[in-house]
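Worksheet: the structure to be examined is printed underneath.
The values are calculated or read from the model by the stated rules, or taken from the named source; none is laboratory data. What you see is a predicted model, and the numbers here were worked out from it, not measured in a lab. Note that we place each Cβ from the backbone using ideal geometry, even for glycine, and neighbour counts take in every protein chain shown. These accessible areas exclude ligands, DNA and RNA; they are computed on the full protein's heavy atoms, side chains included. Shrake-Rupley method; radii C 1.70, N 1.55, O 1.52, S 1.80 Å.
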Amino acid sequence: MKKQFRYILTGILGLLLYTQAMQAQNTVTFRTDAPAQTINRNIYGHFAEHLGNCIYGGFYVGDTSHLPNTNGVRKDVIAALRKMKIPNLRWPGGCFADTYHWKDGIGPKEKRPAIVNTWWGNVTENNSFGTHDFLNMCEELGAEPYLSGNVGSGTVQELADWVQYANFRGTSPMSDLRKQNGRAEPWKVRFWGIGNEAWGCGGNMRPEYYADLYRKFTTFMNSEWKNERIFRIASGASDADYNWTETLMKNIPQHLLEGIALHHYSIISWEKKGDAVDFTEQQYFLTMKSALLIDSLISKHAAIMDKYDPQKKVALVVDEWGGWYNVEGGTNPGFLFQQNTMRDAMIAGATLNIFNNHADRLRMANLAQAINVLQSVILTKGDTMILTPTYYVMEMYNVHQEATLIPIDIHSNAYTLNNEQLPAVSVSASKDKNGVTHISLVNIDAHKTQEVTLDTRSQAYKSISGKILASAKLQDYNSFKKPDYIKPVDFKGATWKNNKVSVKLPPFSVVMLELK
Ligand code: AHR
């Protein structure tokens with residue numbers, strides 16, 4: 001009897017330990033029931049704003065520069081962005097867009113008027129980088145241009161003229177002017193933003209008023225290619241302003257609308273943004289909390305869109321996102337220049353996983369801003385250029401572009417700090433046109449390695465390889481002195497057995513697995 005009792009006790013204890021171990025395990029399961037969904041490459045888009053040293057000194061140095069350039073654009077920048085597979089680029093703003101009059105930026109450079117950038121540092125710009133410069137640069141990059149039109153201080157005619165200037169092949173006042181300025185063929189610009197942050201810097205409008213203005217502006221934006229409608233993106237909500245999305249969906253007829261924007265920055269608080277490099281774990285945790293919020297923001301805005309557009313014809317476009325901190329000490333406060341650490345790599349990896357998993361409605365996004373501003377992929381200083389941890393995440397993830405999403409179920413352990421919890425692990429997966437499966441995994445936990453068991457169901461693979469981006473400290477970054485301090489390296493922490501992948505994710509790391 002005594003012996004029997006001991007057996008039962010041992011059994012119960014074993015079961016308890018097993019259950020505990022199971023709970024401590026992160027699990028991911030490929031779902032086989034969900035419809036095949038393509039991850040639109042435009043989710044991986046970027047943003048070039050006339051802000052600080054993004055355009056002037058970042059992309060553009062002018063064709064008389066001693067730096068190797070193509071029509072004034074740095075060759076090293078072009079090569080890096082091509083390698084990253086930049087799919088689209090938004091320009092000229094942001095807040096700047098609603099002050100920008102495109103006709104100031106065409107024709108002979110010496111005749112272009114100088115303007116004051118009232119949003120960003122009140123600096124005078126000579127307009128040497130204008131429509132031709134931007135659209136030709138996009139051709140060099142292999143990226144689709146996304147032009148942000150001026151609704152706040154521009155006119156309906158001005159935006160209609162811009163469309164005609166960029167897109168009309170035949171004879172017309174604007175296409176003739178384009179030809180006179182040296183460009184015979186139209187560029188065929190598909191993506192057009194109708195103002196920016198109309199609720200704020202774009203005009204402080206009410207959504208009802210903006211919806212009416214949107215209807216009016218888009219009515220006159222004619223495209224020459226009647227069968228290939230231009231893609232018009234309404235200035236969207238900030239964060240959880242669901243009323244903005246609802247009002248636009250209700251009041252804008254869908255034959256005038258292809259996309260609706262949403263802006264969300266990963267920010268601790270507007271009053272106390274904290275330093276970009278010198279931050280505490282608590283600040284890191286709060287930044288990640290803000291970053292992960294994008295998941296529910298997308299779900300809730302998408303649910304509103306579903307009511308009016310159940311077939312999901314209108315895309316949700318997160319055309320501004322990224323980490324936002326205090327400017328670097330000693331730099332112009334209006335230029336928003338910040339360094340980029342492993343924290344930013346965590347924001348990028350986790351956000352892109354969320355974007356991929358919302359591929360049905362989220363079909364475009366733009367990280368703010370590409371060079372020398374907020375969460376930049378490139379920083380420049382004189383002749384030198386460095387690639388940030390965010391660049392490497394974007395490069396690692398480019399395998400998801402235009403691949404078929406593999407929906408997943410995920411159970412993640414918690415990353416706990418001061419009694420608050422966040423899911424430690426995020427994952428997204430896709431299969432490309434060659435049948436190769438890619439799985440991106442992020443562990444945001446600042447201290448613990450996370451073990452993940454991934455059940456691929458019936459999928460069988462012959463080989464598994466991977467890359468990892470990690471570093472010793474969350475605060476680590478690439479500097480002009482140590483440009484290669486953080487770089488992806490081969491990852492050996494994944495094994496494959498019986499339809500299951502086991503992965504050991506070090507603290508604050510991003511991993512991309514390739515299964516063939
Ligand atoms: O990215 C900086 C600014 O943030 C953009 O110009 C504006 O749209 C947003 O408020």
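Residues checked against (1) among the polar types (S, T, N, Q); (2) within 16 Å of the ligand (Cβ to nearest atom):
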residue	(1), (2)
A34	no, no
I55	no, yes
D63	no, no
N71	yes, no
K85	no, no
P113	no, no
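Looking at region 81-103, which of its residues are assigned to a loop (DSSP other than H, G, I, E, B) and hydroxyl-bearing (S, T, Y)? Within region 81-103, just Y100 meets the criteria. Hey, can you tell me all the residues within region 248-267 that are in contact (Cβ under 8 Å) with a residue 40 or more places away in the chain and either part of a loop (DSSP other than H, G, I, E, B) or of a type in the set (S, T, N, Q) (or both)? Matches in region 248-267: N251, I252, Q254, L257, E258, S266, I267.
For D484, state whether it is of a type in the set (D, E, K, R), assigned to a loop (DSSP other than H, G, I, E, B) and buried (at least 17 other Cβ atoms within 10 Å of the Cβ). Against the criterion (of a type in the set (D, E, K, R), assigned to a loop (DSSP other than H, G, I, E, B) and buried (at least 17 other Cβ atoms within 10 Å of the Cβ)), D484 does not qualify.
Taking into account only those residues within region 276-299 that are loosely packed, with under 15 Cβ neighbours inside 10 Å and under 19 Å from the mean Cα position of the chain (by Cα), which is farthest from M249 (Cα to Cα)? Top of the filtered list is S296.
Among the residues examined, T245 does not qualify as touching a strand residue (DSSP E or B) at 6+ places or on another chain (Cβ under 6 Å), free of Cβ contacts under 8 Å to residues at least 40 places away in the same chain and either more than 16 Å from the ligand (Cβ to nearest atom) or open to solvent by less than 40 Å² (accessible area, probe 1.4 Å) (or both).
Here G382 meets the list (1) at pLDDT below 95; (2) open to solvent by less than 20 Å² (accessible area, probe 1.4 Å) almost entirely, failing just condition (2). For region 319-334, filtered to residues that are aromatic (F, W, Y) and within 11 Å of the ligand (Cβ to nearest atom), the residue that is most open to solvent (accessible area, probe 1.4 Å) is W324. Taking region 341-374 as the range and being within 15 Å of the ligand (Cβ to nearest atom) and touching a strand residue (DSSP E or B) at 6+ places or on another chain (Cβ under 7 Å) as the test, the residues that pass are D344, I347, A365, N366, L367, A368, Q369, A370, I371, N372, L374. Does F168 count as among the hydrophobic types (A, V, I, L, M, F, W, C), assigned by TED's automatic domain parsing to the domain that holds N243 and at pLDDT below 95? Here the answer is yes, as F168 does meet what is asked. Within region 67-80, being open to solvent by 10 Å² or more (accessible area, probe 1.4 Å) and outside any helix (DSSP H, G or I) holds for L67, P68, N69, T70, N71.
Among the candidates P186, P207, P145, the residue that is in the same structural domain as L262 (by TED's automatic domain parsing), open to solvent by 10 Å² or more (accessible area, probe 1.4 Å) and in contact with a Lys or Arg (Cβ under 6 Å, 6 or more places away or on another chain) is uniquely P186. For region 417-439, the set of residues classified as within 15 Å of S290 (Cα to Cα) and open to solvent by 40 Å² or more (accessible area, probe 1.4 Å) consists of E420, Q421, P423, listed by residue number. If the condition is being modelled with pLDDT of 95 or more and outside any loop (DSSP other than H, G, I, E, B), then region 487-500 contributes V489, D490, A494.
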